[in-house]
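K.L.:
This is the structure I want to talk about, given as C-alpha cells.
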Amino acid sequence: MDQTVSGTTLRRKETLLPDDEREEMELDTFLQHETKDDDHAPPESLRQEDYGNFTLLVILYLLQGVPVGLSFGSIPFLLKEQLSYSQIAVFSLSSWPYSLKFLWSPIVDAVYSPSIGRRKSWIIPIQLLTGFLFLLLGQNIDEVMAAEHIPIHYLTATFLVTIFFCATQDIAVDGWALTLLSKDSLSYASTAQTIGLNTGYFMSFTVFLALNSPEFSNKYIWSEPKDVGIVQLGAYMKFWAVMYFVVTAWLIFVKKENASHNDEDQLGIRGVYATIWKICKMPHMQSFIIILLTAKIGFICHEAVTSLKLLEKGFSKEDLALSVLLDFPLQIFFGYYAAKWSNGPRPLKPWLYAFYGRLAFSAVGMLVVYFYPQGKDIGLFYFAVIMGSTVLSSFMSTVQFVSISAFMTSIADPLIGGTYMTLLNTFSNFGGTWPKFFVLEAVDTLTIATCSVPDMNGNDFSCVEETGAALCKELGGKCNIERDGYYVAGTLCVLFGLLFLVGYIRPMTHKLESLSKRSWRISR
C-alpha cells in the first residue's frame with residue numbers, strides 16, 4: 001500500500017454523482033455549457049440525515065482495512081526476522097487482488113439478488129466468508145508464524161484469498177456509497193473511505209505491532225516481564241472475526257438497501273468490458289495509464305524496504321509502530337489541506353511537486369539507514385530524524401493520492417462513472433504493486449554477504465538466503481555484508497524516477513491537464 005501499507009499502496013478516491021434522471025438532465029446542460037466554475041464547485045457539508053449512513057460506510061471500509069493492514073504491514077514485519085527479502089517478495093503477491101479487481105468488478109455490479117439488494121448481495125456473503133476465514137486462521141496462525149521453517153506459500157495463498165474478499169467487498173461498498181448518501185453529501189464518500197481504510201489499516205499495523213511486541217508490553221503494560229505481547233495474532237484475528245459477524249448480522253436484519261438504477265445497469269457484463277476497452281483505446285488515456293503504472297517505481301524501494309532495513313539494523317518494532325502512530329493523525333490533517341490544494345484548475349500540479357518530494361525522501365531514507373547507530377541506543381535525536389523523514393515522506397504520498405484522485409474524478413465520464421473510476425484506480429493501485437515483487441527480489445540478488453565461518457567442507461558460503469543464514473547461525477558465525485543490495489536497488493529506483501519524471505511524466509501531465517473534459521468521455 002502506498003502508504004501500504006508498503007508499503008503499502010491502499011487508494012483514496014473521490015466519488016461521482018448517482019446517475020438518476022435529474023442528473024442526466026443536468027449533465028446534458030453541463031456538456032453544452034461547460035464552465036471552469038462548474039468543474040470546481042466546492043462540496044456541500046455533510047447533511048444531518050446522512051450521519052448514520054456515513055458511519056456505516058466508515059465501518060464497512062474499516063473492516064476492509066483490517067486484513068489489508070495485516071497483509072500489507074504487520075505480517076511482512078513479523079516475518080522479516082526469519083525470511084529473506086526474496087521470500088517476503090513471494091508474500092507480497094498476496095496483495096495483488098486489490099490492484100486487479102477491475103477484472104471481476106463488472107460481475108459484482110451486474111449479478112445480484114433483488115430481494116436482498118444489489119450491494120448487500122455481495123457484502124453479506126463476503127463478510128461472512130472473511131469472518132470464517134479469520135476464525136480458522138486464528139486457530140493456528142501463531143504456531144505457523146513461530147515455526148522453524150515458515151510455510152510462506154501457505155501464508156501467501158491464505159492472505160491472497162483474504163485480500164480477494166476485501167477487494168470484492170470494496171467494489172460493492174464503492175457502488176453502495178453512490179446511493180447510500182444523498183447527492184449533497186456524496187463528496188463525503190471518499191472521506192468515509194479515507195477514515196475507515198486508514199483506521200483499519202493502522203489498527204492492524206501500528207497498534208497491533210505495538211501490542212504484539214513483548215518489549216512494548218513489558219515497558220508500558222505488564223507489571224511483570226513476560227515473553228509475549230498483550231495481543232497475539234491469533235486472538236486478534238478471532239476478535240475481528242466476531243466483528244465481521246456482528247456487522248453482517250446488522251446488515252441482514254436491520255439495514256435495508258434501496259433499489260438503484262443507472263446507465264451502467266443497462267450495459268450488462270459484456271457491455272462493461274467493452275466500455276473498459278473503449279476507454280483504454282483513447283490515445284491520451286494510454287499515456288495516462290503509462291504514468292499510473294510507472295510513476296511509483298522511483299520510490300517503491302524506499303516504501304517497501306526501508307522500514308524493514310531499519311528493523312534489521314536494530315530499530316525496535318514498537319518504536320517503528322510509535323513513529324507510524326504519531327504519523328497517522330498528521331496525515332489526516334495534511335490530507336485536508338492536500339484536498340484544498342488539489343481543488344484548482346490544475347489538480348496535478350501538487351502531484352508533480354510531491355513527486356520530487358517523494359524522490360528526495362527516498363534518498364534521505366537510504367541515508368537514515370546507512371548512518372543508523374547499529375548496536376547502540378539511537379537516542380531522541382535519531383528517533384526524531386526517523387520520525388521527521390517518515391512524516392514528510394507520508395505527507396508527499398498523501399498529497400499525491402489526493403491530487404491524482406481529484407484529477408481522475410474531474411476527467412471521469414459521469415454516465416459510466418463507476419466503471420471509469422474503478423479502471424483508473426486499478427491502474428493506479430497496480431502501479432504500486434507490481435514493482436514491489438521485483439524490487440524485493442533485487443535487494444537479495446544484488447546483495448553480497450558471506451558467513452564468517454566456512455561450511456562443513458571448509459568452503460565459504462553465502463548467507464543472503466534463508467538457508468544460508470540459518471546454517472551460518474547454526475555454525476556460530478556472523479553474516480558479513482560486503483554489498484547491500486538495498487542501496488543499489490534504491491539508487492537505481494530514484495535515478496529512474498527522476499529521469500522518467502523530467503523526460504516523460506512532467507511534460508505529459510501538462511499536456512493531459514490542457515485537454516478538455518469532453519475529450520476524456522466516450523459518451524461525447
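K.L.:
If the limit is 29 Å between Cα atoms, which of 80/219; 226/313; 120/296 go over it? Display every interim value, and only then the final one.
P.N.:
Values: 80/219 23 Å; 226/313 24 Å; 120/296 35 Å.
Over 29 Å apart, Cα to Cα: 120/296.
K.L.:
Relative to the first principal axis of the alpha-carbon coordinates of the chain, what is the inclination of helix 189-202, with its axis defined by its Cα atoms, in degrees from 0 to 90 and to the nearest 10?
P.N.:
Once rounded, one gets 10 degrees.
K.L.:
Something else about it: Looking only at Cβ-Cβ distances, which cysteines of the chain have no other cysteine closer than 4.7 Å?
P.N.:
166, 280
K.L.:
For the range 184-250, run through the trypsin sites (Lys or Arg not before Pro) and keep only the ones in DSSP coil with at most 14 other Cβ atoms within 10 Å of their Cβ. Please report the intermediate quantities before stating the final value.
P.N.:
Values: sites: 219, 226, 238; in loops: 226.
In loop regions of the range 184-250 (DSSP not H, G, I, E or B), the sparsely surrounded trypsin sites (Lys or Arg not before Pro) are 226.
K.L.:
Do any chymotrypsin sites (Phe, Trp or Tyr not before Pro) in the range 407-488 lie in a loop, going by DSSP, with at most 14 other beta-carbon atoms within 10 Å of their beta carbon, and if so which?
P.N.:
Details: sites: 407, 420, 427, 430, 437, 438, 461, 486, 487; in loops: 461.
In loop regions of the range 407-488 (DSSP not H, G, I, E or B), there are no sparsely surrounded chymotrypsin sites (Phe, Trp or Tyr not before Pro).
K.L.:
Compute the long axis of helix 485-500 from its Cα atoms, compare it with the longest principal axis of the Cα atoms of the chain, and write down the angle in degrees, 0 to 90, nearest 10.
P.N.:
The answer is roughly 30 degrees.
K.L.:
Here is a follow-up. Of [x] 74, 44, 41; [y] 80, 55, 42; [z] 107, 74, 67, which is the value of Cα extents along the principal axes in Å derived from the coordinates here?
P.N.:
[y]
K.L.:
Could you tell me the relative contact order of the chain? Use alpha-carbon pairs under 8 Å, at least six residues apart, and round to a whole percent. Each step should come with its number before you reach the end.
P.N.:
Values: 749 pairs, mean separation 122.0, N = 524.
Computed value for the chain: 23 percent relative contact order.
K.L.:
Based on Cα positions only, what radius of gyration and what Dmax would you give for the range 115-185, in angstroms?
P.N.:
Here Rg and the maximum Cα pair distance are 16.6, 56 Å.
K.L.:
Excluding ligands, DNA and RNA, what is the solvent-accessible area per residue of the chain at a probe of 1.4 Å, expressed in Å²?
P.N.:
On a per-residue basis, 44 Å².
K.L.:
How many percent of the alpha carbon pairs in the range 412-518 exceed a separation of 19 Å?
P.N.:
Numbers: 3738 of 5671 pairs.
So the pairs more than 19 Å apart make up 66 percent of the total in the range 412-518.
K.L.:
Per-residue ellipticity at 222 nm for the chain, helices alone: DSSP H runs ≥ 4 residues times -39500 (n - 2.57), over residue total, nearest 500 deg cm²/dmol?
P.N.:
Details: 23 runs with 348 residues, N = 524.
Roughly -22000 deg cm²/dmol at 222 nm, from the helical runs in the chain.
K.L.:
How far is helix 51-69 tilted, in degrees, relative to the longest principal axis of the Cα atoms in the chain, given as a value from 0 to 90 rounded to the nearest 10?
P.N.:
The two axes meet at around 30 degrees.
K.L.:
Rounded, prolate or oblate for the range 163-220? Axes are the square roots of the Cα gyration tensor eigenvalues, ordered a ≥ b ≥ c, and the cut-off for rounded is a/c under 1.5.
P.N.:
Working: a/c = 6.33, a/b = 2.38, b/c = 2.66.
Because a/c hits 1.5 or more and a/b fails to exceed b/c, the range 163-220 counts as oblate.
K.L.:
On to the next question. Of all the stretches in the chain, which is the longest one without any exposed loop site, taking GluC sites (Glu not before Pro) in a DSSP loop (any state but H, G, I, E, B) with at most 14 other Cβ atoms within 10 Å?
P.N.:
On the way: sites that count: 34, 44, 81, 148.
Answer - 149-524.
K.L.:
Additional query: Taking square-rooted eigenvalues a ≥ b ≥ c of the alpha carbon gyration tensor, is the range 363-470 rounded, prolate or oblate, where a/c under 1.5 means rounded and, failing that, a/b exceeding b/c means prolate?
P.N.:
The shape class here is oblate.
The values are calculated or read from the model by the stated rules, or taken from the named source; none is laboratory data. Bear in mind that the values here come from a model prediction, so they are computed numbers and not experimental data. With ideal geometry, Cβ positions are generated from the backbone for all residues, glycine too; neighbour counts draw on all protein chains shown. These area figures cover heavy atoms from the full protein model, side chains too; ligands, DNA and RNA do not enter into them. Shrake-Rupley method; radii C 1.70, N 1.55, O 1.52, S 1.80 Å.
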